[in-house]
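Written out below as structure tokens is the structure these notes cover.
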Amino acid sequence: MAHYEIERKFIIHTPSFLERLEHIEIEQTYLLSESGTRRVRKTVRAGKIQYYFTAKQRISGIKCMEQEREIDDKTYVRLLTERDPSRRTIQKVRYLYPFKGLLFEIDRY
């Protein structure tokens, strides 16, 4: 499914309540690409493992067109063979913070 993503990033001090929030463990690997960005992710949320493939095309400084789909573990392993050797795999925890009808995602690298 394609959608627009508008992303803003801020560096914040770790709030004391962060560890009590629902979270997702993410392992993100960038793939070789002729244009745009391609990546795969392995996520663990409440003990459930899922895999995703994402392709992004930058439209402006903060806006991009993103297509993401869930994939199976075999496809994930196959796509890892297309890893971009110039980029490191990222390990992060994404905390989900609902606030006044919005959902903030706070990533800890």
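The values are calculated or read from the model by the stated rules, or taken from the named source; none is laboratory data. Because the structure is a prediction, the values reported are computed rather than measured. Cβ coordinates were reconstructed from backbone atoms using ideal geometry, including for glycine residues, and neighbour counts include every protein chain displayed. Heads up: the accessible areas ignore ligands, DNA and RNA and are worked out on the full protein's heavy atoms, side chains in. Shrake-Rupley method; radii C 1.70, N 1.55, O 1.52, S 1.80 Å.
Screening GLU7 against (1) under 27 Å from LEU80 (Cα atoms); (2) touching a residue at least 40 places away in the same chain (Cβ under 8 Å); (3) out of contact with any Cys (no Cβ under 9 Å at 6 or more places or on another chain) leaves a single unmet condition, (3).
Please tell me if GLU25 is loosely packed, with under 12 Cβ neighbours inside 10 Å, under 12 Å from the mean Cα position of the chain (by Cα) and charged (D, E, K, R). It is false that GLU25 is loosely packed, with under 12 Cβ neighbours inside 10 Å, under 12 Å from the mean Cα position of the chain (by Cα) and charged (D, E, K, R). One residue alone among THR89, THR75 is within 12 Å of the chain's Cα centre (by Cα) and among the polar types (S, T, N, Q), and that residue is THR89. If a residue counts only when it is aliphatic (A, V, I, L, M), which strands (runs of 3 or more DSSP E) contained entirely in region 1-93 have at least 3 such residues? Filter on region 1-93 gives 22-31.
Here ARG87 passes the criteria (1) without any contact (Cβ under 8 Å) to a residue 40 or more places away in the chain; (2) open to solvent by 70 Å² or more (accessible area, probe 1.4 Å) except the one numbered (1).
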